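The values are calculated or read from the model by the stated rules, or taken from the named source; none is laboratory data. The structure displayed is predicted, hence computed values, not measured ones. Note: ideal-geometry Cβ built from the backbone for every residue, glycine included; neighbour counts use all protein chains shown.
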Amino acid sequence: MIDTLKSAFEVELQLLAFLATDVELQQHYLTHLADNQAQQIRQLLAVAAQWDRILALWDFLADRCRKQKQAITENEQQLLTHGVEIHNLIWKNKTASFVSPPINTRYDYEQHQQGPMTGDTIIEVWLEGLKNTAGNLQKKPLVKTQ
């Protein structure tokens, strides 16, 4: 039974292991880390279900992208994707989703956020945008232009 539970929460355990290595992100997203693994999993799921916490995570990651002048990491993307997936579990016929513009298209300030301000052609998506369950764009994709 314990192996079945560990298997069922494999993604959450991987994310918690990642957050243990990124204390700044852990403190921002979870505020504090609970004492035991079961509480940590509950904490991760409770935070992920809240749309405002997903938006705050997106803002944190966007700031990090700008400072580091690069796209989010695979682990950071997994954390954000996990949050959206968990959040979507509370809705019956609606889903929040990611928005990503095609590469080599024209930058549009109404649809995108620009990382380094160096041109008008999108050459990389640093952080996908977010649409809420009503289909409204809440966070514009953060892109690198040239």
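Is it the case that some residue within the stretch 10-24 is in a loop (DSSP other than H, G, I, E, B) and under 27 Å from Pro116 (Cα atoms)? Within the stretch 10-24, one or more residues are in a loop (DSSP other than H, G, I, E, B) and under 27 Å from Pro116 (Cα atoms). Selection of the stretch 5-41 for residues being at pLDDT 95 or above, surrounded by 14 or more Cβ atoms within 10 Å (Cβ to Cβ) and farther than 18 Å from Asn75 by Cα yields an empty set.
Taking the criterion of being exposed (fewer than 14 other Cβ atoms within 10 Å of the Cβ) and not in a loop (DSSP other than H, G, I, E, B), the only residue of the stretch 95-114 that qualifies is Arg106.
Take Lys144 and decide whether it is in contact (Cβ under 8 Å) with a residue 24 or more places away in the chain, among the basic types (Lys, Arg), farther than 26 Å from Ala17 by Cβ and outside any helix (DSSP H, G or I). Talk me through it step by step, then tell me what you get.
Details: in contact (Cβ under 8 Å) with a residue 24 or more places away in the chain: yes; among the basic types (Lys, Arg): yes; farther than 26 Å from Ala17 by Cβ: yes; outside any helix (DSSP H, G or I): yes.
Criteria met by Lys144.
Screening Leu44, Leu61, Leu55, Leu80 for residues that are surrounded by 17 or more Cβ atoms within 10 Å (Cβ to Cβ), over 18 Å from Glu124 (Cβ atoms) and not polar (S, T, N, Q) leaves exactly one candidate, Leu44. Farther than 18 Å from Trp126 by Cβ, in contact (Cβ under 8 Å) with a residue 24 or more places away in the chain and aliphatic (A, V, I, L, M): is that true of Ile90 in this structure? So Ile90 fits the description; yes.
Evaluation of Lys92 against the conditions (1) in a strand (DSSP E or B); (2) within 28 Å of Glu12 (Cα to Cα) shows that the sole unmet condition is (1).
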